[in-house]
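One structure is given here, and the rest of the page talks about it.
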């Protein structure tokens, strides 16, 4: 996978939300081999570092030929981005274009707990 780069948070003591939207995400359906087209929305509250966009773009391109289900790709992106920037909170939403008369929206979340470890299911 492409390396996800970061840069120092310009306001490390302030809680604020960063949202990145990739409306041209592509992966491959592992059952049919056909392309899946979606929008990936990243929302996070940074701690010490922020995600750098050029490397994020190249990271997303790595999925272009990868056979992976919607649920797996959404959770993999969350895992990779949390590992890259150790945010206070992060949410990944994937919105997939219509296939077979329906569309899917997948949401995965992370929230750092008081112990410094994350809770991957903060809505529980």
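Every number here is computed from the coordinates shown, using simple stated rules; none is lab data. Keep in mind that what you see is a predicted model, and the values were worked out from it rather than measured. Every residue, glycine among them, receives a Cβ derived from its backbone with ideal geometry; neighbour counts consider all protein chains shown.
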- Within the set of pairs 6 or more residues apart or between chains, which connect a residue that is at positive phi and without any contact (Cβ under 8 Å) to a residue 60 or more places away in the chain inside region 1-18 to a residue that is exposed (fewer than 15 other Cβ atoms within 10 Å of the Cβ) and assigned to a strand (DSSP E or B) with Cβ atoms less than 7 Å apart? none
- Selection from region 58-99 of residues out of contact with any helix residue (DSSP H, G or I) (no Cβ under 9 Å at 6 or more places or on another chain) and part of a loop (DSSP other than H, G, I, E, B) yields 62, 64, 65, 69, 86, 88
- Of the residues that sit in region 94-111 and are crowded, with 17+ Cβ neighbours inside 10 Å and without any contact (Cβ under 8 Å) to a residue 60 or more places away in the chain, which one is farthest from residue 24 (Cα to Cα)? 110
- Task: Give the residues of region 43-66 that are surrounded by 15 or more Cβ atoms within 10 Å (Cβ to Cβ) and either over 15 Å from the mean Cα position of the chain (by Cα) or under 12 Å from residue 26 (Cβ atoms) (or both), sorted by residue number.
- Result: 47, 49, 60, 63
- Any chance region 38-46 includes a residue that's in contact with a helix residue (DSSP H, G or I) (Cβ under 8 Å, 6 or more places away or on another chain) and either in contact (Cβ under 8 Å) with a residue 60 or more places away in the chain or not in a strand (DSSP E or B) (or both)? yes
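Yes/no matrix, rows are residues, columns are (1) over 23 Å from residue 112 (Cα atoms); (2) in contact with a strand residue (DSSP E or B) (Cβ under 8 Å, 6 or more places away or on another chain):
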site: 13; (1), (2): no, no
site: 17; (1), (2): no, yes
site: 20; (1), (2): no, yes
site: 27; (1), (2): yes, yes
site: 50; (1), (2): no, yes
site: 59; (1), (2): yes, no
site: 63; (1), (2): yes, yes
site: 76; (1), (2): no, no
site: 80; (1), (2): no, no
- In region 5-28, what residues are in contact with a helix residue (DSSP H, G or I) (Cβ under 6 Å, 6 or more places away or on another chain) and farther than 20 Å from residue 68 by Cβ? 5, 6
- Note on the structure: Of the residues in region 1-34, those that are part of a strand (DSSP E or B) and more than 19 Å from the chain's Cα centre (by Cα) number 1
